[in-house]
There are 2 protein chains.
Amino acid sequence: MSHDPHQSPFPASRKVFEGGDLEVPVREITVGGGEPALRVYDTTGPQGIDPKVGLPKRCQPWTDARREAGETNFSQMHFARRGEITPEMRFIAIRESVTPELVRDEVAAGRAVIPANPNHPELEPMIIGERFLVKINANIGNSAVSSSIEDEVEKLRWSVKWGADTVMDLSTGDDIHETREWIMRNSPVPIGTVPIYQALEKVKGKPENLCLSAFLETLEEQAEQGVDYFTIHSGVLLRYIPLTAKRLTGIVSRGGSIMAKWCLSHHKESFLYTGFEEICAVMKKYGVTFSLGDGLRPGSIRDANDAAQMGELATLGELTTHAWRHDIQTMIEGPGHVPMHLIKENVDLQKKLCHNAPFYTLGPLTTDIAPGYDHITSAIGAAMIGSYGTAMLCYVTPKEHLGLPNKEDVREGVITYKIAAHAADLCKGHPGAQERDDALSKARFEFRWEDQFNLSLDPERAREYHDETLPADGAKVAHFCSMCGPNFCSMKITQDVREYAEKNGYGDEQAIDAGMAEKAEQFRAAGGEIYLEQDKGTPLPTAP
Amino acid sequence: MSHDPHQSPFPASRKVFEGGDLEVPVREITVGGGEPALRVYDTTGPQGIDPKVGLPKRCQPWTDARREAGETNFSQMHFARRGEITPEMRFIAIRESVTPELVRDEVAAGRAVIPANPNHPELEPMIIGERFLVKINANIGNSAVSSSIEDEVEKLRWSVKWGADTVMDLSTGDDIHETREWIMRNSPVPIGTVPIYQALEKVKGKPENLCLSAFLETLEEQAEQGVDYFTIHSGVLLRYIPLTAKRLTGIVSRGGSIMAKWCLSHHKESFLYTGFEEICAVMKKYGVTFSLGDGLRPGSIRDANDAAQMGELATLGELTTHAWRHDIQTMIEGPGHVPMHLIKENVDLQKKLCHNAPFYTLGPLTTDIAPGYDHITSAIGAAMIGSYGTAMLCYVTPKEHLGLPNKEDVREGVITYKIAAHAADLCKGHPGAQERDDALSKARFEFRWEDQFNLSLDPERAREYHDETLPADGAKVAHFCSMCGPNFCSMKITQDVREYAEKNGYGDEQAIDAGMAEKAEQFRAAGGEIYLEQDKGTPLPTAP
C-alpha cells in the first residue's frame, strides 16, 4: 500500500491540512457549477497505511515534551486548569472553528473532555462537550460466537470512514489483548473500552470472583496500550439493586449486571465504588478519561427514568466531583430506552446531578416495538437528546437486540447517527453547520447530480439509488429526475418561474428584499392573519 | 385465491372482529409464556381476494340508506354537525378505543376528518385528528419513466400490509384512470390523489393551458371513482410567488409549481382560489375531504418557515373556514424540510392560522445532507411534529430525491413512519399505546424470541436479522443471544439477580413496593441529591 496524505476515501474529495505544523486534517469536497469547494470535519484518518505498521504517531512529540518536563498527570483537564493551551486544544479549536481559549475553558470547567491517552500517539485530538459539534461513537468488538481480529480492524476503519468520532472496542474472548493492540495502532479517533469485560475473563467469567486488584491490573494493561476512555460502572450501588427487581426488564447493561451480581453475592458495596480512589490513580497516571457507566439504564420504555436509574445518576454525579479533584476528565453515560416526553427531563437531571459533565447516551430508543429498525427508533431519541445538550451519541445498528452488526450494519448505524448529530447541530445553531445543507440543496435545485452525491453523507448510496432508476450517465446532467419524468418536474418548472420573475423585474435583489420586508410587515400588522385582497402595492409581472 | 376472513399476513396472527355487526377488524397476536394475546390496530384489509374482483363493499348499505333518505351532502362533518353518530363513527370509536361521541364531536369541530367517499364502499373507516392515533400515509404511483398497473396495486397491498393508514395515488401517464380504478376497488384504506396532475395531462402538460372547468371535470371523474381526499393547492396566490424567487430551492411542490406557472403566465389569481366555491360544490356532492396542499412548502433547511410558506398557510386557514361553511372536511398539508428548532413553531402557527384543522405533514426532513437516508432524516422530524399534534405523517422512502421507490423502499418507508407515529403516540400518552412495547419488552427479557419477532412491526426482518448470526432453531429458545454469547449475557445475569433477590426476601411484592416508596421518598427529601451513606433501613439480602 502507498500512502498519499491527501487521499480521501470519498469521491471528489481530498484531505487538506490546516493550522500549519498542527496539520489538522480537513476533507475538501470539490463542487461544480462555479461553487466553492466545501471543507468538512474529517474523521477518516490517514489512508493507505499497512495495518501491521500502524498510523503515524503524530502526538508523540507533545507527550515526549511532557515526560521530559516531569509531568505525572496527563489529563488535558490538568493542563487546562493550569491555564495552559495545549497543542491538542489548538488542534481541536481549528477542527471546531472556535477559539483555543473556549476549548481550554470548557475542559477546565469539566463541561468538555478531550479523550487522549499519551500512549495513543496516533490520535487526531477531538473534543466532547455541549458547546462543540455533537459527536458519535461506534461500537465494535468480537464475541464468543463470531468475528476475527482482521474483521475488527476493518470495522474500525469502516466506522471512521463513515464518520465515527470515537470507537468503543467491546471485544471479549481469547484474543482481546491483541485485538485491542491492532485497533489502537490503527485508530485516528479515541478508543474506549469497558475494562470489566476483560477483568471478568481473568476470573473465568464468574462475577463473584472479581476483585479490585484484578480490575486495577486490567486498567493498567489497557491504559498502557493507549485506551483513551474507560466505561466504569461505579454507580451500581448495593442499595439500588433491589429497586430493579420489579422492573419490566431488570438490568440490561452488561457491566451493570456483572456488578449487581457481585454486590449481591458478597453483600458488600461495589469495589468499583469503594475503590474509586485507587481507580483514579491509574486514570491520572495515563491521562485516561472516565466514562461513568449507567449500569442501571432502562431496557424498556416502561422502565425509563425510574428510581434505580436516577439513584445511580446521582452517584455518578458524586463520583464526577471526586474525579475532578484529581483533574481527571469525566463524562456520564445515559440511556437506553426513553419515550420522547421523558428525554428532556433526563438531560436536565443529568446536567444538574452531574454538574454539567458531558452526557454520552445510547440512543435513546423511543419505542420497543421495532427490532430490526432500532437504529431508527433510537435516531429519533438521539437527535432530540443531542439538541438538548448531549455531547456524544452512541450509535445503535439495525441488529440491536437481534445479533452482531456486520459491515453494512455498522455503516447504516454510523450514517444514521451522523444524521441525528447533524440535525442536533443545526438545532443548536452550531456555527457553519448549515453550510453543507445549503451547498447540497443548491446542487439539488440546480440538477448538479454529481455534486448532490458528493456532498452527501453517503455518496455511494446516493449514487446507487439514483442509478437504480436512471443508470445512464446522461441522466446525471439531465434537468429532470425519475420522480416526475422528463415533462413534469417541479424543480424545472420552478426554474422557469424564477427566470420569468427575473425577466419581469424580480431580478433586482434590492427590489425583492424590499418586497419581502413589506410583506412581512403587513403579515405582522395583520396579527398573523394574512390580507385577504390582492396586494396592489407589490410589483407583479405582466402576462407575456 | 380463497378468502378466509381471519387470515392475517403476519405470523402468529389472525384477524378477529369487534363491534358486532360493524365487524371492525383487529389483529390478534398470539403470545407464549402464559401471556395474553395482544390485539393491535389493523390496516391490512381482507386477504386472499382476487384483485379483479375487488374487496367486499362493506360500507354500501350505509351509503344506500343515505341516498334513500335523499341526502345531498355526504360529508361525515355534515352528519356530525347534525348531532348524528354514523356507523363510520362507531366503527372508528372501536378502532381507537374511544367513545363514539368523541369521534363525532371532533369531526363536528373540524379537529378531525373521516375521509370516506360513498363511492369507495370497500373502505374500513378511519379518522385523522390530534386526539386519535397518529396516522401515516404512503405514496404510490407510476410515472412516465417506470412502473405498471399491477405493480401499483401490489404496492397498495404492500403498503397497507406494513401499516399505511391512507395511500395517495400520485400516478401520471396514460393509464391513470384505470390504475386508479384498480386501486380504489382493492383499497381498505382511504385513497388520496392530487387531481391537478391528471388535469395537467388533459392539457398536454402545459400548465398555462389549465382552467377551472378542466379541473372540475377531473374532480368529478376521480370523485365518481371513489377517491376519499383530494390535495388541492388553492393557497398558491399570485402575490406569494415572488416571495419564493430568492429562496435557495424555490418551489419544490409539483402542484405548487404548476399553479405558480399558471398564475405568472396569466398574471391572474389562481383559479383554484377564485374557483374555490365551485370546487366545494363537487367536494360536497361526493363527500370528499379536502387536503389543502402546501404548494409553497420549503425544499431545504434554509427555506423553512419563510414568508412564502407562512403566507400560504394563512390562506389555507381562510379556505378552511370557507370549506367548513359547506360542512366539508378539511385537513392542511405541511412541510417538507424544517430544522428541529422550527418544528414546534410550525405546528403552533398551523393550529392558530387554520383553526385546529388536522395537520398532515411530509416528514419534515431535519437535514438536507443525507440523500439515500431521507426516511431517517424525516422520521426524526415526523416523530417530533407528531408529538406536537400533527395528525397524519406522509412517509418518505430511502429513494426520496433520488428515484422512485421499489417494494423494499415502500416497506422501509412505511415501517419507519409507523415508528415515528408510535413514538409520538407514546409521547402523547395515547391510551393503550404502550401495551405493545411492554409485551415485546417482556418477551425480550424472558428470551421468548418467537414472541419478540411476532410482536414487532416487521416480524420477518426481526427473524431474518436474528437468524443471520444464530440460525439454528435451538437458538430461539436459548437463554442467551449472539451479542454476548452463551457465558455472558446481561439478561441472563439479571434473571439470576432477580431470582437471588426473591430468594432473599424480595419475592414479596408488597415489601418491594414499600421499599421503592421509601427510596423515592428519601430521594425527594434529599432534593434530588441521593443519600451518600448506605441505607440501613432497606432489607438487603445476606450473602450466600
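The values are calculated or read from the model by the stated rules, or taken from the named source; none is laboratory data. Keep in mind it's a predicted model, so treat the numbers as computed, not measured. Glycine gets a Cβ as well: all are built from the backbone with ideal geometry, and neighbour counts include every protein chain shown. Just so you know, the surface numbers come from the protein's heavy atoms only, side chains and all, with ligands and any DNA or RNA stripped out. Shrake-Rupley method; radii C 1.70, N 1.55, O 1.52, S 1.80 Å.
Checking A:THR72, A:THR30, A:THR63 one by one, the residue that is within 18 Å of A:LYS284 (Cα to Cα), polar (S, T, N, Q) and open to solvent by 50 Å² or more (accessible area, probe 1.4 Å) is A:THR72 and no other.
Contact map, region A:87-113: first residue at positive phi, second residue open to solvent by 10 Å² or more (accessible area, probe 1.4 Å), Cβ cut-off under 8 Å, separation 6 or more or different chains; pairs are A:SER97/A:PRO431; A:SER97/A:GLY432; A:GLY110/A:TRP324; A:GLY110/A:HIS355; A:GLY110/A:ASN356.
Is one or more of the residues making up region A:32-50 touching a Leu at 6+ places or on another chain (Cβ under 7 Å) and modelled with pLDDT under 95? Looking through region A:32-50, at least one residue is touching a Leu at 6+ places or on another chain (Cβ under 7 Å) and modelled with pLDDT under 95.
If you filter region B:184-201 down to residues that are open to solvent by 10 Å² or more (accessible area, probe 1.4 Å) and within 11 Å of chain A (Cβ to nearest Cβ), you find that the one that is farthest from B:VAL113 (Cα to Cα) is B:GLU201.
Restricting attention to region B:267-284, which residues are more than 15 Å from B:GLU312 (Cα to Cα), outside any helix (DSSP H, G or I) and open to solvent by less than 10 Å² (accessible area, probe 1.4 Å)? Passing the criteria: only B:GLY275. Can you name the number of the only condition in (1) surrounded by fewer than 19 Cβ atoms within 10 Å (Cβ to Cβ); (2) assigned to a helix (DSSP H, G or I); (3) not small (Gly, Ala, Ser) that A:LYS204 fails? Only one criterion is unmet by A:LYS204, namely (2).
Taking A:CYS427 as the residue in question, decide whether it is free of Cβ contacts under 8 Å to residues at least 60 places away in the same chain and either hydrophobic (A, V, I, L, M, F, W, C) or surrounded by fewer than 24 Cβ atoms within 10 Å (Cβ to Cβ) (or both). Spell out how you get there, then give the answer.
Numbers: free of Cβ contacts under 8 Å to residues at least 60 places away in the same chain: yes; either hydrophobic (A, V, I, L, M, F, W, C) or surrounded by fewer than 24 Cβ atoms within 10 Å (Cβ to Cβ) (or both): yes.
Yes.
Select from region A:425-454 the residues that are facing chain B (nearest Cβ under 7 Å), within 23 Å of the chain's Cα centre (by Cα) and of a type in the set (A, V, I, L, M, F, W, C) and list them in ascending order.
First pass over region A:425-454, keeping only residues facing chain B (nearest Cβ under 7 Å): A:426-427, A:434, A:436-438, A:440-442, A:444-445, A:452.
So of that shortlist, the ones also within 23 Å of the chain's Cα centre (by Cα) come out as A:426-427, A:434, A:436-438, A:440.
Across region A:425-454, the qualifying residues are A:LEU426, A:CYS427, A:LEU440.
Among the residues of this structure, A:LEU319 counts as one that is touching a Phe, Trp or Tyr at 6+ places or on another chain (Cβ under 7 Å) and touching a residue at least 24 places away in the same chain (Cβ under 8 Å).
Go through region B:230-257 and give me each residue that's among the basic types (Lys, Arg) and within 8 Å of chain A (Cβ to nearest Cβ). Show your work before the answer.
To start, the set of residues in region B:230-257 that are among the basic types (Lys, Arg) comprises B:239, B:246-247, B:254.
Within region B:230-257, B:ARG239, B:LYS246, B:ARG254 meet the criteria.
Considering only residues of region B:217-257 that are among the charged types (D, E, K, R) and over 18 Å from B:PRO118 (Cα atoms), which is surrounded by the most Cβ atoms within 10 Å (Cβ to Cβ)? Among residues in region B:217-257 that are among the charged types (D, E, K, R) and over 18 Å from B:PRO118 (Cα atoms), the one surrounded by the most Cβ atoms within 10 Å (Cβ to Cβ) is B:ARG254.
Please find, among A:ALA214, A:ALA260, A:ALA164, the residue that is more than 14 Å from chain B (Cβ to nearest Cβ) and either among the polar types (S, T, N, Q) or buried (at least 23 other Cβ atoms within 10 Å of the Cβ) (or both). Break it down into steps so the answer makes sense when it comes.
Numbers: A:ALA214 fails: either among the polar types (S, T, N, Q) or buried (at least 23 other Cβ atoms within 10 Å of the Cβ) (or both); A:ALA260 fails: more than 14 Å from chain B (Cβ to nearest Cβ).
The match here is A:ALA164.
Tell me the residue from A:LEU393, A:LEU457 that is under 21 Å from the mean Cα position of the chain (by Cα), more than 8 Å from chain B (Cβ to nearest Cβ) and among the hydrophobic types (A, V, I, L, M, F, W, C), please. Steps first, answer last, please.
Working: A:LEU457 fails: more than 8 Å from chain B (Cβ to nearest Cβ).
That would be A:LEU393, the only listed residue that is under 21 Å from the mean Cα position of the chain (by Cα), more than 8 Å from chain B (Cβ to nearest Cβ) and among the hydrophobic types (A, V, I, L, M, F, W, C).
In the set (1) in a loop (DSSP other than H, G, I, E, B); (2) at pLDDT 95 or above, B:ASP425 fails one condition alone, (1). Within region B:238-250, the set of residues being closer than 10 Å to B:ASP303 by Cβ and in a loop (DSSP other than H, G, I, E, B) comprises B:LYS246, B:ARG247, B:LEU248, B:THR249, B:GLY250. When region B:331-378 is limited to residues that are among the aliphatic types (A, V, I, L, M) and not in a helix (DSSP H, G or I), the one that is most open to solvent (accessible area, probe 1.4 Å) turns out to be B:LEU362.
Considering the conditions (1) within 29 Å of B:ILE127 (Cβ to Cβ); (2) within 14 Å of chain A (Cβ to nearest Cβ), B:THR274 is excluded by exactly one of them, (1).
Restricting attention to region A:460-485 and to residues that are more than 7 Å from every other protein chain (Cβ to nearest Cβ) and modelled with pLDDT of 95 or more, the residue that is surrounded by the fewest Cβ atoms within 10 Å (Cβ to Cβ) turns out to be A:GLU460. The single condition from (1) in a loop (DSSP other than H, G, I, E, B); (2) hydrophobic (A, V, I, L, M, F, W, C); (3) modelled with pLDDT under 95 that B:VAL410 fails is (1). Residues in region B:313-368 that are touching a helix residue (DSSP H, G or I) at 6+ places or on another chain (Cβ under 9 Å) and basic (Lys, Arg): B:ARG325, B:LYS344, B:LYS352.
Residue under question is A:PRO56, and the condition is that it be surrounded by fewer than 17 Cβ atoms within 10 Å (Cβ to Cβ) and either within 20 Å of A:PHE91 (Cβ to Cβ) or among the polar types (S, T, N, Q) (or both); does it hold? Walk me through how you get there before you give the answer.
Working: surrounded by fewer than 17 Cβ atoms within 10 Å (Cβ to Cβ): yes; either within 20 Å of A:PHE91 (Cβ to Cβ) or among the polar types (S, T, N, Q) (or both): yes.
Yes.
Residues satisfying the criterion are absent from region A:298-321 (criterion: touching a Pro at 6+ places or on another chain (Cβ under 7 Å), open to solvent by less than 10 Å² (accessible area, probe 1.4 Å) and on the phi > 0 side of the Ramachandran plot).
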